[in-house]
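A.B. asks: The following block contains the structure, expressed as structure tokens.
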């Protein structure tokens, strides 16, 4: 269909919903210029390439179509722009024909035909003669519609009905995407509108208007008309489209204005009669939920008008094709964080809903169930997609083997043999999704771990299929706050029970030793090699901290530690470690920003948002950042997979001790933790080090699970007749405890940035920021006592006692305890109640900032203690490097006359870091 645009005073129409400042959260560029010479969108504008060096990266696969929400139900109290019908032969029409042919061909097991559609085409979508009831307002050549017709179209948008279930299923199979948001109109009014635009059918957003007797999906002609129109609903950036009698589209030139959701404000009387009581009084419902809802419910204005009982009905159908999915894509614009802001925290974009806060919580709970159902459907497809990729790789390996020189053939032959085995592995051996996803707390996120030989490829397949199946541009992390991870540092632990009996009592201690990826080879690493691994993991933990500090903050806090180190060699060692961490964090920012810029050029942001400019900018930037980070994570996982495959091949050769392959094998094994951390840097909500990961998963979650399950049945039988006591001890090396301490400081700083700083149009909930920061404060503090324990202790018990007596530690300990006490209560069911909690209600901007400062001060104290510990010769499992610093302001200062040189050196390095950061 030809495009229809409304007249506008602007030469360029902004992309609806585009982030006004997609990279501002990473770095501000002077004059709106990025480091790579590309002006980023401002205020929803288009990307303008301004330098010859700027490059556009084409995606390897076409981006998934953006699913727009149904247009708001009318009458919409905004000005409606004049609609202009474009020419019947425009690009959008050809694209719709191509998509329709491909979809129908998929249904019939045929290749799409190569027929070129046009005015003389014999296919079903044809322009009829002028209607008997009067001349149309536009003809084949297109033109402007009258104000009345434009208003009539706008008034009916969002009021149609869903496709019948059999038709919906068939068309979703054809297009391989979710079409539940589509609404059809085939009544007399729709027929009249079609006559006005010389069309048999036309599409606007997700609404399809059919002419008289044109909606006939059970006929060949009718199915083609429907497929053509459905294709239009999948085309981005066209709010109103028309399929004329010859295939034509209608797009309002004020597209952005026309799509703005105008929200009716409930009256006081409405508020008093529609609320929580309705939710409880709603009857049990047995019939189809969609049939009991208003004709329009998915767009934001319609959702706001729902009553409590209607919300309860909506929450009943949590299927992937049910009306709740329409709301996710419509009112909440395929963004979980928008849904949570509204339903849980009451931060609606404009007017408040007619239903109560309690009804909103019910709806959010239903969304967690929907999330689980979507995940269940997506993960079913992933193993076979991985298998398909293995077979493709196998064919490529065979071809490479055939073309290789005689010297190289054995290497390719190894690859071919391995892929031949892998191509026939059971699905669960390729990738297995650990645990289940279902109904959860209203603030929960979901982190899905995987196992198997191809978890790295599985993550890629999951993200791609999710976007395809749901017809969205962004990943599950944005749409459902659900992230899938490849295997990292967590492997099967070894549990050993020890039973101790005394008079009338039995104590069972379960000792847990976390597993590692390559235990046979790791056991043969030298002490120096293990220490190098630990030092590198500590640097990755520091990188997590550096990500959430600006150059001045990073230099200031690290200088506090460095100035207290007496020994010049140790000071240099620590300074180099800090600089390496900063370099990694800077590289992270640069790579992420570059990928965001590339994606901004190929990912359509969708229709105009109901959210204000500030909020929409924040959410759009977050969605783009998450998609970019996932894309880099996937690329890094492929490097990790290649290393793991090479290890498997070398291990299978039974290498002799002096074989060169043995040296290569050991080098790869030593490199794996670094590759895992390098990939994890870009994964959402993941630690940077193995130590922090092991502590969280095995040391906390695993320990709690073992305590909940209790000792073995044999131990219980042995304790019969006595009082049974059970304890679980997880054995984590001291070096990993130090990684845990550093890494969790990074998450304290992260949650301060996310929740304690204003983003968009709403003020932060400082009480919630404090609660969220408390989670990682608790984990950070948990590590401190362990640093002085065991043969590899990094600090003395006296230093630990001094740390625990600090006012900063005591204040943070109180916050951590409050978090632990409250996290299983109202924080899960209705976190807004924390605003009235006796403890958390006292937190404002200053108090939250003080939590951040206390955590940083504690970090400086503990790192100072660690670097002041006497050096040890590597023996057994080496810890993190020693040093020669004492805590700031006490004990050893730099040698006389050395302070000035140290300060000048630090100031110079700070200046260089700041210049590098802003260049």
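Throughout, read-outs are computed from the coordinates displayed, never taken from laboratory work. Quick caveat: nothing in here was measured; it's all calculated off a predicted structure. Reconstructed Cβ throughout: ideal geometry from the backbone, glycine too, with neighbour counts over all protein chains shown.
A.B. asks: So what is log10(I(q)/I(0)) for region 434-548 at q = 0.16, 0.22 1/Å, when the Debye sum runs over its Cα atoms only?
C.D. replies: With no solvent term, the Cα-only Debye profile gives -1.06, -1.25.
A.B. asks: How large, in Å, is region 656-781 by the Kirkwood hydrodynamic radius built from its alpha-carbon pairs?
C.D. replies: 18.2
A.B. asks: How far apart, in nm, are the 7 Å Cα→Cβ label points at residue 657 and residue 729?
C.D. replies: 3.5
A.B. asks: Further, regarding this structure: Taking every alpha carbon pair in region 382-476, what does the distance histogram look like in 10 angstrom bins from 0, in percent?
C.D. replies: 15, 34, 28, 15, 6, 2, 0
A.B. asks: While we're here: Could you pull the Cα extents of region 565-693 along its three principal axes, largest to smallest, in whole Å?
C.D. replies: Dimensions of region 565-693 along the principal axes of its Cα atoms: 67, 49, 25 Å.
A.B. asks: Just subtract the alpha-carbon distance of residue 838 and residue 754 from 0.36 nm times their residue separation and send over the number in nm, one decimal.
C.D. replies: Gain on extension, residue 838 to residue 754, equals 27.9 nm.
A.B. asks: Separation of region 422-466 and region 708-744 by C-alpha centroid, Å?
C.D. replies: Measuring centre to centre over Cα atoms gives 28 Å.
A.B. asks: Here's a follow-up. Which shape class applies to region 516-635: rounded if a/c is under 1.5, otherwise prolate when a/b exceeds b/c and oblate if not, where a ≥ b ≥ c are the square roots of the Cα gyration tensor eigenvalues?
C.D. replies: oblate
A.B. asks: Hey, what did region 382-476 get for relative contact order, percent, Cα under 8 Å, at least 6 apart?
C.D. replies: Computed value for region 382-476: 29 percent relative contact order.
A.B. asks: If you split all Cα-Cα distances of region 733-799 into 10 Å bins from zero, what percentages do you get per bin, shortest first?
C.D. replies: 22, 37, 23, 14, 5, 0
A.B. asks: Starting from the Cα-Cα distance between residue 811 and residue 613, subtract it from 0.36 nm times their residue separation and give me the gain in nm to one decimal.
C.D. replies: 67.5 nm
A.B. asks: Multiply the residue gap between residue 704 and residue 492 by 0.36 nm, knock off their C-alpha separation, and tell me the result in nm, one decimal place.
C.D. replies: Difference between extended and current length: 74.7 nm.
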